[in-house]
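Data block below; observations after.
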């Protein structure tokens, strides 16, 4: 299994896509932190400039690249079918489940790397921008909790992406469908039907990041621990479905 995981990590290191996606993720983190801090205190903004939660809310943007990790997870699996490399991959390792598990572990590790770098960038950006707005940088327990939550979100969205790729083998359809669900369907559910939206992956992520008091969520989210368990459940259940489909479907 270790050799298979190393092989999957080698595949990711030998192409430029993960690097560009990391750059994209960091850009999203910076934009999110800047938007959170610079709009604080404006009319209609959920936070004041002197709000003690401003730093925690700023570093929550460390998870801003979750959709990037989701896309990377989709592409890790769908590219095997798109470029016809699935057949030799599964011939070398006839037990398809081992190959899939190796991909899940590899993408989770990559997600962890993305998350740690994103967390560092979010903390530095928040520490620089908050004083610029005459705010106080407050390093408390909530900041640490939110950072750990952001890392959890980033780690789990990769395996969820692989599961989506197993469900929808067509790479373009899988990516477009995932983006449409993340940016449209989930956000509408969370905003318009909080009692339903809180059970989506996006709702669980918002709970983990302690965003329940934002106007868009109306405070109707799961507790932090509930959001974390739900997000883990999504990753486990979808990965199990992906494994079952991968074992049963023809490769061509």
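The residue that is farthest from the chain's Cα centre (by Cα), counting only those in the range 182-194 that are surrounded by 17 or more Cβ atoms within 10 Å (Cβ to Cβ) and under 29 Å from residue 100 (Cβ atoms), is 186. Of the residues in the range 172-193, not one is in a loop (DSSP other than H, G, I, E, B), in contact with a helix residue (DSSP H, G or I) (Cβ under 9 Å, 6 or more places away or on another chain) and farther than 22 Å from residue 240 by Cα. Only a single criterion out of (1) farther than 17 Å from residue 232 by Cα; (2) modelled with pLDDT under 90; (3) under 18 Å from the mean Cα position of the chain (by Cα) is not satisfied by residue 169, namely (3). The single residue among 122, 163 that is modelled with pLDDT of 85 or more and farther than 20 Å from residue 209 by Cα turns out to be 163. Do we have any residue at all in the range 221-235 that's surrounded by 20 or more Cβ atoms within 10 Å (Cβ to Cβ), at pLDDT below 85 and not in a helix (DSSP H, G or I)? For the range 221-235, residues surrounded by 20 or more Cβ atoms within 10 Å (Cβ to Cβ), at pLDDT below 85 and not in a helix (DSSP H, G or I): present. Yes or no: the range 199-219 includes at least one residue that is in a helix (DSSP H, G or I), in contact with a helix residue (DSSP H, G or I) (Cβ under 6 Å, 6 or more places away or on another chain), modelled with pLDDT of 75 or more and over 18 Å from residue 150 (Cα atoms). The answer is no, given that none of the residues of the range 199-219 is in a helix (DSSP H, G or I), in contact with a helix residue (DSSP H, G or I) (Cβ under 6 Å, 6 or more places away or on another chain), modelled with pLDDT of 75 or more and over 18 Å from residue 150 (Cα atoms). If the condition is being more than 23 Å from residue 225 (Cα to Cα) and either free of Cβ contacts under 8 Å to residues at least 24 places away in the same chain or assigned to a helix (DSSP H, G or I) (or both), then the range 124-162 contributes 124, 125, 126, 127, 128, 129, 130, 131, 132, 162.
The values are calculated or read from the model by the stated rules, or taken from the named source; none is laboratory data. Note that the structure is predicted; figures quoted are calculated from it, not measured. Positions of Cβ are backbone-derived with ideal geometry, glycine not excepted, and every protein chain shown enters the neighbour counts.
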